[in-house]
Structures are given as structure tokens and as C-alpha cells.
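Participant: Have a look at the structure that comes next, please.
The values are calculated or read from the model by the stated rules, or taken from the named source; none is laboratory data. In this text the structure is predicted, and so the values were computed from the model without any measurement. As a convention, Cβ positions derive from the backbone with ideal geometry for all residues, glycine included, and neighbour counts pool all protein chains shown.
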Amino acid sequence: MNAKQLLKDAEQRLMTETHKNLQEAAAWELHNALSGAAMDALAPIWSRKEAERFPKRQAYYLSMEYLVGRLVYNNLYCMGLLNEVSALLREKGVDPAILEDVEDDAFGNGGLGRLAACFLDSAVTCGVPLTGYGLRFRYGLFKQVFLEGRQCELPDDWSRFGDPWSIRRPEEAVIVPMKTGNVLAVPYDMPVVGYGMKNIGTLRLWQTESLHEVDFPLFNLQEYAKAAADKNKAEDIVKFLYPNDTKRAGRQLRVKQQYVLVSATLQDILRAYRKRHGSNYSFLPKEVAAQLNDTHPAMAIPELIRLLGEDGIDFEPAFLMAREIFAYTNHTVMQEALEKWDLALLSSVCPEIVKIIRKIDQRFKKEMKAAGQTISPELCIIEKKRVHMAWLATYGSHAVNGVAELHSEILKKDVFASWYNLYPERFQNKTNGITQRRWLGLCNPELCDLIAGKIGHGFETDLDQLEKLLPYVNADLCGAFRQVKRTKKEQLAHELSLRVGFSLSPDMVFDVQVKRLHEYKRQFMNALSILVIYNQLKQGLLKDLPPVAFIFGAKAAPGYVRAKAVIHWINMIADKVNQDPETCDRLKVIFVPNYNCSWAEKIIPAADISEQISPAGTEASGTGNMKLMLNGAVTLGTFDGANVEIVEEAGKENNYIFGATVEEINKIRETYDPTLIYRKNADLRKALDTLTDGTFPDPDGNLAELHAAILEGASWHKPDHYYVMLDFESYLNTKLQAIRDAGKADDTFAEKCLMNIAHAGKFSSDRTIRQYAKEIWNV
């Protein structure tokens with residue numbers, strides 16, 4: 001299909017469905033018409049590719065999140081029609097930017113979901129047979145708004161105007177059995193369009209519904225709420241991603257979500273298998289590989305054993321099949337982030353699964369006893385009436401991988417050390433990656449064209465080709481790059497003015513930290529540094545510092561009080577700094593509300609400095625660091641996660657590294673006293689004390705809690721758990737140097753940026769997915 005035909009089909013749809021032409025259509029109407037026309041064009045290829053999948057070995061990706069963003073742009077780009085369609089719309093008097101008013105699909109939140117989306121893109125482009133499975137959340141995580149600087153959560157009603165990229169498959173619905181009441185899981189299929197439309201894959205998302213729409217006798221008795229109770233209870237399961245789990249009801253809802261995901265998915269996989277082989281399961285491990293994206297889908301292991309048991313397969317052969325099929329990706333090194341579910345809680349939802357987990361635990365203990373091994377607490381799948389989901393996933397999988405070289409080493413030496421000693425052959429590294437199609441070609445066509453003008457378009461499917469750019473790094477290319485960066489800054493400034501009402505000069509250095517809000521990611525430290533810079537500017541210092549804008553984007557979990565307090569504090573800092581006539585032309589701070597994939601596509605290409613500042617040994621990998629690197633931002637970061645590999649590829653001299661290493665932190669961990677630094681560093685002390693000295697109002701005491709967390713600790717952690725004070729001086733000095741370098745008029749900084757781009761090839765998810773396919777899935 002060509003662009004003219006697609007637009008003609010879209011116009012026909014508009015007239016048929018809305019009685020409007022292109023010029024009269026609202027944003028969502030134009031979006032639905034274009035998307036529907038594109039779906040019609042994709043349908044024959046999609047259907048053919050689905051039919052070709054079997055009997056080849058297939059891989060399946062089980063993930064609680066998929067952060068797919070706004071699909072109309074991505075899919076038209078992959079179809080090779082985006083530029084032409086945009087030009088034709090302009091010819092007809094329609095600004096294609098109107099589509100920016102359409103909400104992103106809300107199936108994910110952070111790096112976990114974006115990684116899953118990148119993997120599907122890479123798999124389909126590289127010809128790897130991978131199908132994604134997840135949940136179709138009605139309201140996503142939440143829509144973030146700020147009221148007096150505080151985060152407030154609203155439902156993200158992303159589908160209120162329709163969902164043209166999904167096909168409902170009611171004929172393939174399955175029943176998920178739960179003690180709280182069986183539910184119907186109905187699949188919605190979304191196309192995953194490969195670059196150049198040579199291949200199309202599938203993302204299947206489950207929506208939960210009641211087996212009975214309404215209890216009519218109760219309705220007839222005018223007991224309306226009771227009549228719809230079952231329907232509402234079933235639909236509540238997938239209303240929100242990661243419901244608040246501070247109370248038992250929230251934790252139970254999370255367990256329900258996880259069980260629906262794994263049960264519905266495995267029933268679907270087994271149904272397809274039985275069409276080919278009946279109840280002969282001897283071929284199952286040869287034809288099926290399944291990847292568990294973090295611990296959320298770990299119940300897939302006992303659920304597969306349960307389903308096979310229903311078909312007459314005994315526990316032992318079922319367990320061995322499960323282990324051959326499943327592999328587990330770990331995404332965290334922090335013990336508090338490794339899921340543990342109470343047995344009583346699991347029993348309230350899926351008691352049969354608890355029985356099988358107990359059998360798995362007993363099998364492991366027998367295996368240890370036979371080998372003469374003692375079982376330490378670090379090896380207990382069930383401990384103190386709780387199931388350690390990471391240990392369940394490790395024991396029930398044939399492969400366990402980290403997502404960056406440093407992360408994988410920490411797993412082997414620390415977090416999973418006992419398991420690694422038992423099963424060293426299972427542990428691997430698969431450094432995360434990003435798809436260059438979305439994170440360069442789609443979001444930064446100006447830079448993409450600049451690169452292609454030098455080395456051709458081959459890097460769009462082989463990112464290693466970016467190294468061909470190295471001989472061209474000269475004054476001319478630096479000048480052209482600076483112009484591209486200026487253009488992207490102007491575009492971001494326009495979006496901020498249009499959507500947030502914030503005025504930002506593209507002449508400023510753009511220092512960016514965009515990621516999930518968590519204490520270990522240290523947005524708090526960034527805010528402290530801004531206060532120190534602000535105070536020094538007020539004192540007449542830092543005269544050589546160029547104008548700089550600090551740009552934040554992050555959501556905090558609804559029940560995470562400290563993270564929400566950090567957001568409130570940053571917004572109050574922003575108000576203070578931005579309204580001060582002495583400094584507002586040299587210093588700006590903005591916290592972009594409701595940061596999502598579409599905002600990322602605007603912010604990342606405009607960034608000069610990429611803040612990746614978690615303490616060494618806490619961030620598993622990160623993918624935002626890779627996106628920013630690919631778009632020509634230098635990394636201001638610690639030796640943590642994939643930062644280590646970024647520096648190895650692009651050179652320490654082309655980035656800005658600070659802070660203690662993992663080894664240095666381990667040496668001082670037991671004796672570390674942040675109050676010594678607090679008393680010694682007057683600038684830092686003044687900034688930190690704004691949390692308690694009345695500079696900012698704190699009626700609920702949450703800012704004071706942040707202050708105490710640094711200097712006093714809490715019942716569950718020592719003072720300054722994430723080493724803010726330890727790293728601060730190094731961080732501030734390195735940050736100021738990066739800002740100064742970025743503001744210089746010569747080519748030095750542009751050369752650093754271009755060296756990062758030229759060495760970004762390793763960080764394509766194409767490379768990652770090929771490694772999974774060859775070394776874990778065998779597809």
C-alpha cells in the first residue's frame with residue numbers, strides 16, 4: 001500500500017464512521033481512521049505470518065508491562081509511510097501534530113515495559129519467532145498531575161475513544177480458576193510491525209471479564225450493585241497496573257494479576273500445541289521456550305505443572321519439562337525489590353499453585369540432601385511462610401540472566417551467590433538494548449538523516465554500522481550536529497510551552513533526568529545539587545557557568561511516600577528558582593508531568609547531559625542511558641549498571657563519571673557516617689536543611705522524613721542508605737564541569753557527543769534479542 005491509498009482509505013473511514021472529512025475530524029477521529037486503514041493494510045501480511053509460525057520452535061515473552069507508546073507513528077514509520085502521510089495531510093490543510101493529542105497506550109510504566117516493547121520490535125525485525133503476552137490494563141499505572149507541586153493520580157483513560165490497534169478474540173478466551181471466583185481472560189491481539197513491513201508479530205494482552213455479565217434476578221429485585229458485583233470484581237483485576245499494595249487487598253489484587261497473566265498465557269500456548277500433537281507432550285520442550293521478564297510471571301512454573309497434571313502428567317516429568325521451557329531475567333539487585341508472597345495470600349487466590357510450590361520446595365530439599373548440601377536462608381524457596389519468587393524462578397528455570405555485565409557479576413557474587421554456587425551453568429549476562437528504529441529513526445529524524453548522509457541507512461537494522469561515522473567526526477559534522485541538537489531543543493521548548501505552559505530557552509544547556517522515581521535513582525541528590533548551584537549563583541559565584549535547564553520526568557508509586565515527597569520538593573525548588581529574577585535567566589527547573597513514552601521521544605533527543613546517578617551496584621542496567629547516548633547526550637553517571645559498558649565503548653574521556661565504585665562502597669558500608677560529611681560541607685548542609693528549616697512548607701512531615709533518612713536512618717535502613725552524602729561533592733564538581741563543557745562554543749563537547757553516537761552499536765536490542773534467541777531460547 002502507498003501513502004495516497006492509505007489516506008484515501010482513512011478518509012472513507014472517517015466519512016462512514018463519523019460523517020466528517022479530514023479537516024473536520026477531531027484528533028482521536030483522525031487517529032482511529034488512519035490506524036484502521038493501516039490495520040487493513042497490515043492484515044493480510046499479519047495473517048500469513050501467523051500461519052507460518054508453526055511447527056517451528058517458538059519463544060514467548062511473559063511480561064507484566066509493555067510500554068508501547070503512541071503506535072500510529074511507530075507503525076506508519078515501520079511501514080515506510082510516515083513522512084509521506086504527514087506531507088499529504090499538510091497538503092490537505094491538516095497538521096499531523098494533531099495526533100500528539102492522542103494518549104499513549106497505557107500497558108506499562110518504566111524500563112521494564114519499554115524493554116519488553118523494544119524486544120518485540122527487534123524480534124520481529126530480526127526474524128526471531130517471539131510472541132509477547134501481557135495484561136490489557138484499563139487505566140494503566142495512572143495519569144500524573146501536580147496540585148500545588150504534589151503528585152496526584154488520576155485514571156489514565158487511554159482507550160476512551162477506542163483502541164484501533166487491537167483485535168478482540170472472544171473465541172479464544174480462557175477461564176482462569178481462582179478461589180475468589182473464576183474469571184474469563186479475553187485476548188486482544190496487537191500487531192508488532194517489523195521495519196520495512198517484512199514481518200509482523202503479535203502482542204497478546206489479556207482482559208479479565210466476568211463469566212456472567214449480570215445477575216438478572218438480583219437486578220430485577222433492584223439490587224443493582226449486587227447484580228453487577230461479579231462483573232466489577234472480574235474487571236477490577238486489570239483496571240490498574242501495580243495497584244497500591246500497602247494493604248492486603250492490594251497485594252491480593254497483584255497476585256490475581258500475576259496469576260491471570262500466567263494461567264491464561266499457558267492455557268493459550270498449550271491449546272496451540274495440542275492442535276498439533278494432542279496430549280503427547282514429549283515435543284513440548286522442543287517447540288516452546290518461555291522467558292519470564294522479572295518475577296511477576298514466576299507463577300508460570302507451578303501453573304504449567306498444574307495444567308500438565310490435569311492432562312495426566314505426573315509432577316516429576318512436568319517439573320523437568322517446565323525447567324527446560326522457562327528462563328528467568330532478573331532486573332534488580334535490591335533484596336527489598338525481590339518479590340515474596342505470603343503463602344496464605346497465595347492460597348486465597350490460587351491454592352492449587354501453593355500445593356505445587358510446596359512440592360517444588362520439597363523436591364529442592366531432597367536434591368540438596370542427596371548432594372550432602374545444607375540449605376541456607378538464601379536458598380529457601382519457602383521461608384517463614386513466604387514464597388521467594390526469585391528463588392522459585394531460579395530453581396524452575398534452565399537459564400538465569402542479568403541485564404548488564406556489572407549486574408550479572410553482582411548476582412553471581414552477592415544476591416544469587418548461593419544459587420550460582422549450585423548451578424553456575426545457568427547464569428548468563430544479556431546486556432539490555434533499545435530499538436534504534438524508535439529511539440533514533442522515529443524520534444530524531446534530523447539526526448538520523450545527518451548520519452545517513454555520511455554512512456547510509458544500514459545502521460537502522462545494524463547499529464554497529466555507526467562506527468563508520470568515526471572518520472567523519474570533524475568541524476563540519478560537529479557544526480551540523482549542534483544545529484540538529486538546537487532544532488530538537490526548539491521542538492521540546494515548543495511542546496513544553498504548548499502543553500505545560502513553561503517557557504524554556506533552547507540556548508540553555510539541557511540537563512536531563514527522566515526515569516522512575518525511586519530513592520536509589522537519586523533524583524534527591526540532583527535536587528540537592530540544584531539548590532547548591534542556585535545558592536552559589538545568588539552569592540555571585542559560578543560566573544563562568546552557562547545558562548542551564550534541569551529537566552525531570554518521573555512517576556512515583558502511589559503508596560511510596562518518600563518518592564512523592566521528593567517530587568513535591570523538586571517542584572517547590574522549581575518554583576523558587578524559576579521565579580527569582582536574579583537567576584531565572586541562568587537557571588531553570590522543570591518537572592514534566594505525566595512522563596511517558598511520547599514525552600521521552602521529545603526530551604531525549606534534546607538532552608545535552610544524561611543523568612544516570614544511582615549509587616554503584618544498585619541499578620541493574622538502565623535503558624534510558626542508552627537512548628540518551630544514541631541521541632548524542634553525554635553520560636553524567638556512576639560506575640553502575642550499563643553505564644560501565646557505555647564508558648567502555650565510548651571512552652571515559654567522552655563522558656563524566658563520578659562517585660564511589662562498588663568495591664569502595666563495600667569497604668566503608670559498615671562504618672559509613674554521613675553526619676561527618678554534613679558537618680564538614682556547609683553548602684551541602686544548607687541545601688539539605690531546607691527540608692526542615694522552613695524554606696519549604698512541610699505540614700505533613702514528609703520533607704522532614706527525607707532529612708532524617710539521610711542523617712538518622714530508619715527502622716529498616718541505616719543513615720543515607722543510598723550514599724547521597726558520600727558521592728555529593730564528586731557529583732557536583734563533575735556536573736559543573738559537564739555543564740561548562742556543554743556551554744562552550746567550540747567543537748569539543750560536540751565531538752564527545754558524536755563519539756557516544758558512533759559507539760552506541762552494542763546497545764541495540766537487535767543484538768540482545770539475537771543473544772537470547774541463540775543462547776537461551778534456541779530458536
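Participant: Quickly run through the stretch 229-247 and pick out the residues that are in a helix (DSSP H, G or I) and among the charged types (D, E, K, R).
Facilitator: The answer is 230, 231, 233, 235, 236.
Participant: Quick check on this structure: which one of 677, 739 is β-branched (Val, Ile, Thr), assigned by TED's automatic domain parsing to the domain that holds residue 466 and within 18 Å of residue 535 (Cβ to Cβ)?
Facilitator: 739
Participant: If you don't mind, there's one more thing I want to ask. Select from the stretch 477-510 the residues that are among the polar types (S, T, N, Q) and not in a helix (DSSP H, G or I) and list them in ascending order.
Facilitator: 503, 505
Participant: Looking at the structure I just gave you, is residue 219 closer than 23 Å to residue 302 by Cβ, without any contact (Cβ under 8 Å) to a residue 12 or more places away in the chain and surrounded by 13 or more Cβ atoms within 10 Å (Cβ to Cβ)?
Facilitator: no
Participant: Go through the stretch 691-728 and report how many residues are in a helix (DSSP H, G or I) and of a type outside the set (S, T, N, Q).
Facilitator: Of the residues in the stretch 691-728, 15 are in a helix (DSSP H, G or I) and of a type outside the set (S, T, N, Q).
Participant: Related question: For the condition out of contact with any Leu (no Cβ under 7 Å at 6 or more places or on another chain), in contact (Cβ under 8 Å) with a residue 24 or more places away in the chain and of a type in the set (S, T, N, Q), what is the one hit in 765, 715?
Facilitator: Step by step, each of 765, 715 is checked, and only 765 is out of contact with any Leu (no Cβ under 7 Å at 6 or more places or on another chain), in contact (Cβ under 8 Å) with a residue 24 or more places away in the chain and of a type in the set (S, T, N, Q).
Participant: From 746, 689, which residue is within 30 Å of residue 465 (Cα to Cα) and more than 31 Å from the chain's Cα centre (by Cα)?
Facilitator: 746
Participant: Take the stretch 17-66 and flag every residue that is of a type in the set (Ser, Thr, Tyr), touching a Phe, Trp or Tyr at 6+ places or on another chain (Cβ under 7 Å) and not in a loop (DSSP other than H, G, I, E, B).
Facilitator: Scanning the stretch 17-66 gives 35, 60, 61.
Participant: In contact with a helix residue (DSSP H, G or I) (Cβ under 7 Å, 6 or more places away or on another chain), closer than 20 Å to residue 651 by Cα, among the acidic types (Asp, Glu) and in contact (Cβ under 8 Å) with a residue 60 or more places away in the chain: is that true of residue 747 in this structure?
Facilitator: yes
Participant: Take the stretch 356-402 and flag every residue that is assigned to a helix (DSSP H, G or I), among the small types (Gly, Ala, Ser) and either touching a Cys at 6+ places or on another chain (Cβ under 8 Å) or crowded, with 20+ Cβ neighbours inside 10 Å (or both).
Facilitator: 390, 393
Listed here are the residues, each with its yes/no results for (1) crowded, with 16+ Cβ neighbours inside 10 Å; (2) at negative phi.
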| position | (1), (2) |
| --- | --- |
| 477 | yes, yes |
| 498 | no, yes |
| 504 | yes, yes |
| 510 | yes, yes |
| 513 | yes, yes |
| 540 | no, no |
| 543 | no, yes |
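Participant: Can you tell me how many residues in the stretch 559-582 are part of a helix (DSSP H, G or I) and under 24 Å from the mean Cα position of the chain (by Cα)?
Facilitator: Looking only at that region, the number is 10.
Participant: If you go through the stretch 679-690 one residue at a time, do you hit one that is out of contact with any Leu (no Cβ under 6 Å at 6 or more places or on another chain), outside any helix (DSSP H, G or I) and surrounded by 14 or more Cβ atoms within 10 Å (Cβ to Cβ)?
Facilitator: Yes, the stretch 679-690 contains at least one residue that is out of contact with any Leu (no Cβ under 6 Å at 6 or more places or on another chain), outside any helix (DSSP H, G or I) and surrounded by 14 or more Cβ atoms within 10 Å (Cβ to Cβ).
Participant: So which residues in the stretch 296-355 are charged (D, E, K, R) and assigned to a loop (DSSP other than H, G, I, E, B), if there are any at all?
Facilitator: 311, 314, 339
Participant: Among (1) closer than 30 Å to residue 567 by Cα; (2) modelled with pLDDT of 95 or more; (3) among the small types (Gly, Ala, Ser), which single condition is residue 106 missing?
Facilitator: With respect to (1) closer than 30 Å to residue 567 by Cα; (2) modelled with pLDDT of 95 or more; (3) among the small types (Gly, Ala, Ser), residue 106 is out only on (2).
Participant: Looking at the stretch 625-644, which of its residues are surrounded by fewer than 24 Cβ atoms within 10 Å (Cβ to Cβ) and either at pLDDT below 95 or out of contact with any helix residue (DSSP H, G or I) (no Cβ under 6 Å at 6 or more places or on another chain) (or both)?
Facilitator: The answer is 639, and nothing else.
Participant: Tell me whether the stretch 69-76 contains one or more residues that are part of a helix (DSSP H, G or I) and more than 28 Å from residue 153 (Cβ to Cβ).
Facilitator: Yes: one or more hits.
Participant: Next question. Count, please, the residues in the stretch 522-558 that happen to be part of a loop (DSSP other than H, G, I, E, B), over 35 Å from the mean Cα position of the chain (by Cα) and not basic (Lys, Arg).
Facilitator: Residues flagged as part of a loop (DSSP other than H, G, I, E, B), over 35 Å from the mean Cα position of the chain (by Cα) and not basic (Lys, Arg) within the stretch 522-558 amount to 5.
Participant: Test residue 731 against the criterion of being surrounded by 17 or more Cβ atoms within 10 Å (Cβ to Cβ), part of a helix (DSSP H, G or I) and under 29 Å from the mean Cα position of the chain (by Cα), and give yes or no.
Facilitator: In short, yes.
Participant: Is it true that some residue in the stretch 186-194 is in the same structural domain as residue 403 (by TED's automatic domain parsing), modelled with pLDDT under 95 and surrounded by 17 or more Cβ atoms within 10 Å (Cβ to Cβ)?
Facilitator: No, the conditions are met nowhere in the stretch 186-194.
Participant: Looking at the stretch 78-116, which of its residues are under 21 Å from the mean Cα position of the chain (by Cα) and without any contact (Cβ under 8 Å) to a residue 60 or more places away in the chain?
Facilitator: 103, 113 - these are the residues of the stretch 78-116 that are under 21 Å from the mean Cα position of the chain (by Cα) and without any contact (Cβ under 8 Å) to a residue 60 or more places away in the chain.
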